[in-house]
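Worksheet: the structure to be examined is printed underneath.
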Amino acid sequence: MDAAHAPPRDVRPKVVEGFLDRRTPFLVDWPCFQFPLSPLRQRHKYEPFKKAQEKRPRTNEQIRVPEVMLITDGVSEVLPIATALERAKAQELDLIEVSPKAVPPVVKIGEFGHYLYQLQKKERRQRSHSKQVEVKMLRFGFRTDKHDLDRLSDRAREFFEDRHLVKFSVRLRGRELSNKEYAIEKLKGIMAGLADVAETEQEIKRQGTQYIAILRPKR
């Protein structure tokens, strides 16, 4: 057929199995090009509080078992869950599941908020034992008032709870160096206020223009 009388070529792309065939049949015939496009994956929805909620112990109506072992003042007894709930409500307290894997589960009666606080405190203490002991530095000045010193002592108590050493430092400037006894008494006052939770690791001594002391948590 003469090229002038030949029918026009169809240059539109053809869709074959999810791909465009741009007049390249030798590619489309290959098996690797003959599969549909996979759909996009759905993005996973992140739930930040789910794990934290799973760790909380079950209380009251959340305990769905036929019977439980109730511990009261060191005495244990197996009761139907309904009876244990009635006792907790009579005391206006919560029924708390202490050991869910026991058969039957072990429960106690108490205030859930206080129990949760003690549980978190115990976990924090266990984590602190596994961490390396650090020396935390707390500084204050010659003219620091009592309110700020009290806040400093509260911060030190938090460090002692995590089993860290605390180094106190009071810096003297200019004419303050002539009244070093006042700075030492200030440092002794802080140490005396923490005597219930800490003991002396290093006595008060001078380092240049400052006086320091190191306390450690009581064993």
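No value in this document is a laboratory result; all are computed from the given coordinates. Note that the structure is predicted; figures quoted are calculated from it, not measured. FYI the Cβ positions are ideal-geometry reconstructions off the backbone, even for glycines, and counts take in every protein chain you see.
Taking the mean number of other Cβ atoms within 10 Å as a proxy for protection, how do you rank 136-143, 157-164 from highest to lowest?
Ranked from most to least packed, the peptides come out as 157-164, 136-143.
For labels at GLU203 and GLU158 in the simple 7 Å Cα→Cβ model, what's the distance in nm?
About 3.3 nm, to one decimal.
Provide the three semi-axes, in whole Å and in decreasing order, of the ellipsoid equivalent to the stretch 59-127 as defined by the square roots of 5 times the Cα gyration tensor eigenvalues.
For the stretch 59-127, the ellipsoid semi-axes come out as 21, 14, 11 Å.
First measure r as the distance between the Cβ atoms of LYS89 and ALA195, then evaluate 1/(1 + (r/R0)^6) with R0 = 41 Å and state the FRET efficiency to the nearest 0.05.
Plugging the Cβ-Cβ distance into 1/(1 + (r/R0)^6) gives 0.40.
Step through the table entries LYS55/LYS89; LYS167/LYS218; LYS55/LYS101; LYS136/LYS218, compare each Cα-Cα distance with 22 Å, and write down the pairs that go over it.
As for pairs spanning more than 22 Å Cα to Cα, those are LYS55/LYS89.
Let's test the formula: R0 of 22 Å, r as the Cβ-Cβ distance of LYS122 and ALA102. What FRET efficiency results, to the nearest 0.05?
Efficiency, rounded to the nearest 0.05: 0.70.
Any idea how far apart VAL75 and ARG143 come out in nm if each label point goes 7 Å out from Cα toward Cβ?
Rounded to a tenth, the inter-label distance reads 6.5 nm.
Using 10 Å bins from zero, what percent of all Cα-Cα pairs in the stretch 131-217 falls into each bin?
In order of increasing distance, the bins hold 17, 54, 25, 4, 0 percent.
Would you work out which of GLY208, THR144, LEU187 lies farthest towards the positive end of the dipole of the stretch 131-217, given +1 charges on the beta-carbon of Lys and Arg and -1 on that of Asp and Glu, about the Cα centre?
Highest projection toward the positive end goes to GLY208.
Going by average Cβ density within 10 Å per residue, which order do the peptides 70-78, 115-123 take, highest to lowest?
115-123, 70-78
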